[in-house]
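Reviewing the structure listed below.
Every read-out reported here was derived from the displayed coordinates using simple, explicitly stated rules and does not represent laboratory data. Since we're looking at a predicted model, the values are computed, not measured. Methodologically, a virtual Cβ is constructed for each residue, glycine included, from the backbone with ideal geometry; neighbour enumeration extends over all protein chains shown.
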Amino acid sequence: MKRLLLVHHTPSPSVQAMVEAVRAGASTDEIRGVEVVSRAALAATSVDVLEADGYLLGSPVNLGYLSGALKHFFDQIYYPCLEETVRRPFGAFLHGNNDATGAVRALEAITTGLSWKAVQPPVVVTGEPGKADLEACWELGAIMAAELGDV
Ligand SMILES: Cc1cc2nc3c(=O)[nH]c(=O)nc-3n(C[C@H](O)[C@H](O)[C@H](O)COP(=O)(O)O)c2cc1C
């Protein structure tokens with residue numbers, strides 16, 4: 001059984017809707033052999049990261065950057081996980097009100113530092129998530145699960 005770790009900071013219904021869509025896609029019955037484990041960014045540990053085979057990361061955009069919660073997650077797992085998680089796959093989703101550029105750049109820099117491998121570009125939603133946005137989140141979850149499991 002492969003483990004997919006979903007790390008998220010969820011301060012509002014918009015981000016919550018995205019998290020639920022990503023989790024639903026990651027848990028689809030069409031893909032077997034993947035267990036999805038969810039952790040709030042402020043509670044996730046380096047052991048959670050080491051024990052997982054791939055990662056889904058979700059955050060609002062705050063002050064032109066990732067949320068402090070997801071930044072804190074990366075700050076504390078970075079060195080303990082640096083050597084053992086090289087080339088592990090990840091996917092990300094971000095929500096902002098108008099501009100996610102700085103958060104996208106930060107995520108790319110951090111995950112490049114960790115040598116994680118993006119399965120696709122981040123899903124970025126501004127404003128209230130619509131049907132197509134939530135479908136993109138569902139697909140992100142399913143693509144990540146397919147990367148680890150048996151289709
Ligand atoms: C302190 C703070 C800073 C924020 N900074 C940004 C920002 O730089 N860019 C942006 O697009 N949205 C920004 N936002 C909006 C949040 O990303 C948004 O509130 C969050 O994703 C939740 O969405 P919702 O408020 O529509 O439910 C900020 C929100 C807060 C509370």
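Here are the numbers for the structure shown:
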{"item": "Amide H contacts under 5 Å for Lys117, placed H, 5+ residues apart", "result": "Arg87, Arg88, Phe90"}
{"item": "Selected from Met18, Cys81, Leu94, residue furthest toward positive end of dipole (the chain; charges at beta carbon)", "result": "Cys81"}
{"item": "Projected area, mean over directions - the range 2-148, Cα convex hull, nm²", "result": "7.5"}
{"item": "Selection from Thr45, Ala106, Val123, by position along the positive dipole direction of the range 41-151 (Cβ)", "result": "Ala106"}
{"item": "Positive minus negative residues near Gly127 (Lys, Arg vs Asp, Glu; Cβ under 13 Å)", "result": "-3"}
{"item": "GluC sites (Glu not before Pro) lying in DSSP loop within the range 1-44, provided at most 14 other Cβ fall within 10 Å", "result": "Glu30"}
{"item": "Reachable lysines from Lys117, criterion Cα separation under 22 angstrom, eight or more residues apart if same chain", "result": "Lys2, Lys71"}
{"item": "Normalised contact order of the chain, rounded percent, pairs of Cα under 8 Å and 6 or more residues apart", "result": "34"}
{"item": "Hz values of 3J(HN,Hα) by residue in the range 102-117 - Karplus curve (6.51, -1.76, 1.60), Gly and Pro given as x", "result": "x, 5, 4, 4, 5, 4, 5, 5, 5, 6, 5, x, 7, 6, 7, 10"}
{"item": "Mean ellipticity per residue at 222 nm, deg cm²/dmol - from DSSP H runs of n ≥ 4 across the chain, formula -39500 (n - 2.57)", "result": "-14000 deg cm²/dmol"}
{"item": "Ranked Arg87, Arg105, criterion: other C-beta atoms within 10 Å, fewest first", "result": "Arg87, Arg105"}
{"item": "Amide hydrogen neighbours beyond the local backbone of Val124, cut-off 5 Å, H modeled", "result": "Leu94"}
{"item": "Alpha-carbon centroids, the range 1-21 and the range 55-128: separation in whole Å", "result": "13"}
{"item": "5 angstrom amide H check on Asn62, placed H, neighbours 5+ away", "result": "Ser67"}
